[in-house]
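The values are calculated or read from the model by the stated rules, or taken from the named source; none is laboratory data. Not measured: the values here are computed from a predicted model. No Cβ is skipped: glycine too gets one built from the backbone with ideal geometry, and neighbour counts run over all protein chains shown. What goes into the accessible areas is simple: the full protein's heavy atoms, side chains included, and nothing from ligands, DNA or RNA. Shrake-Rupley method; radii C 1.70, N 1.55, O 1.52, S 1.80 Å.
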Amino acid sequence: MQTAQKIAELKNELPSGVKLVAVSKTKPPEKILEVFQTGHTVFGENKVQELVTKYEVLPKDIEWHMIGHLQRNKVKYIAPFVNLIHGVDSLKLLKEINKEGEKNNRIIACLLQIKIGKEDTKYGLSQQEAEVLLSSDEYNAMNNISIQGVMGMATFTQDEGIVRSEFQKLNSIFKSIGKKYFSNSDKFKELSMGMSNDYKIAIEEGATIVRIGSMIFGERIYI
Ligand SMILES: *Cc1c(COP(=O)(O)O)cnc(C)c1O
């Protein structure tokens, strides 16, 4: 019952406007069910195959978020049920999501991933690239996706000053994109940032969604 207790404490601590995505990657369905039974329904996975497998065996009222890097050829597997795709980092990927949304007769909610961290491995668009995407005719013709905000990952460092300034940068990009491209829409409102190590800073800097794994489920063991 340790996991259930952890999530209860965490939810108590989060401000009411902040949505918690419980990141369950590498953890077995039984663990997810344990958390689900406490009343928490939002879970995040970063691998398509794992997400699909868990979707199939777990209760259908779970809200599934795809938080990892998504390859275009795998969009079709999650398009029928995914609730939010956090990591959209190209127009090509968005086109594929739109196509699969159309096939499934759904509007798929997405966040644009913005690169704020220093690691080369971190995916994401620059502000300028995001703006090019949002200005394109192709994007403007899409009817089966809905961009609801941005997502980012801070540099993995103990230096809180760096993390805070990266979150501030993401929030300022979020605001400026919102003003420029979504001024007549109330949908663009999500700022997804903050994980186990830095969610407190993320919330102070305006996060509306935090993605927390190891703090709830314990350290991940990769084999
Ligand atoms: C794994 C992961 C998380 C959660 O990380 P923790 O440190 O376990 O909280 C959040 N966001 C993304 C994109 C992840 O891949």
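Taking R0 as 25 Å, what's the FRET efficiency between residue 38 and residue 196 from their Cβ-Cβ distance, rounded to 0.05?
Plugging the Cβ-Cβ distance into 1/(1 + (r/R0)^6) gives 0.85.
Gain in length, residue 47 to residue 105, computed as 0.36 nm per residue apart minus the alpha-carbon separation, to one decimal in nm?
Additional length available on full extension: 18.5 nm.
Highest GNM mean-square fluctuation, the chain, Cα pairs closer than 10 Å: which of 98, 143, 46?
Of 98, 143, 46, the most mobile in the Gaussian network model is 143.
Of all the accessible heavy-atom surface of the chain, with the other protein chains kept in place and a 1.4 Å probe, what percent is carbon and sulfur?
For the chain, the apolar C and S fraction of the accessible surface comes to 49 percent.
Using the basic label-point model (7 angstrom from Cα toward the beta carbon), what is the residue 81 to residue 4 distance in nanometres?
Simple spin-label model gives 2.4 nm for this pair.
For the chain, what is the accessible area per residue in Å², given a 1.4 Å probe and the full set of protein chains?
Result: 51 Å² per residue.
What distance in nm separates the two pseudo spin-label positions at residue 118 and residue 175, each 7 Å out from Cα along the beta-carbon direction?
So the label points at residue 118 and residue 175 sit 2.5 nm apart.
Contact order normalised by length for the chain, with contacts defined as Cα pairs under 8 Å and 6 or more residues apart; what percent is it?
In percent, rounded to a whole number, it is 20.
Run the quick spin-label model on residue 128 and residue 182: label points 7 Å from Cα toward the beta carbon, then report their separation in nm to one decimal.
Each label point lies 7 Å from its Cα, and together they span 2.3 nm.
I need the calculated FRET efficiency for the pair residue 160 and residue 14, taking r as the beta carbon distance and R₀ as 22 Å, to the nearest 0.05.
After rounding to 0.05, the efficiency reads 0.70.
For residue 180, which lysines qualify as cross-link partners when the Cα separation must be under 29 Å and same-chain residues fewer than eight apart are set aside?
Qualifying lysines at Cα under 29 Å: 19, 92, 95, 99, 115, 118, 122, 169, 189, 200.
Between 53, 155, 41, find the one with the highest GNM mean-square fluctuation for the chain; connect C-alpha pairs within less than 10 Å.
Of the options given, 53 has the highest mean-square fluctuation.
What is the Cα centroid distance between the stretch 136-200 and the stretch 32-103, reported in whole angstrom?
Using only Cα atoms, the two centres lie 19 Å from each other.
With the chain treated as a Gaussian network of Cα nodes joined by springs under 10 Å, which of 199, 77, 123 yields the largest mean-square fluctuation?
Checking each option, the largest mean-square fluctuation is seen for 77.
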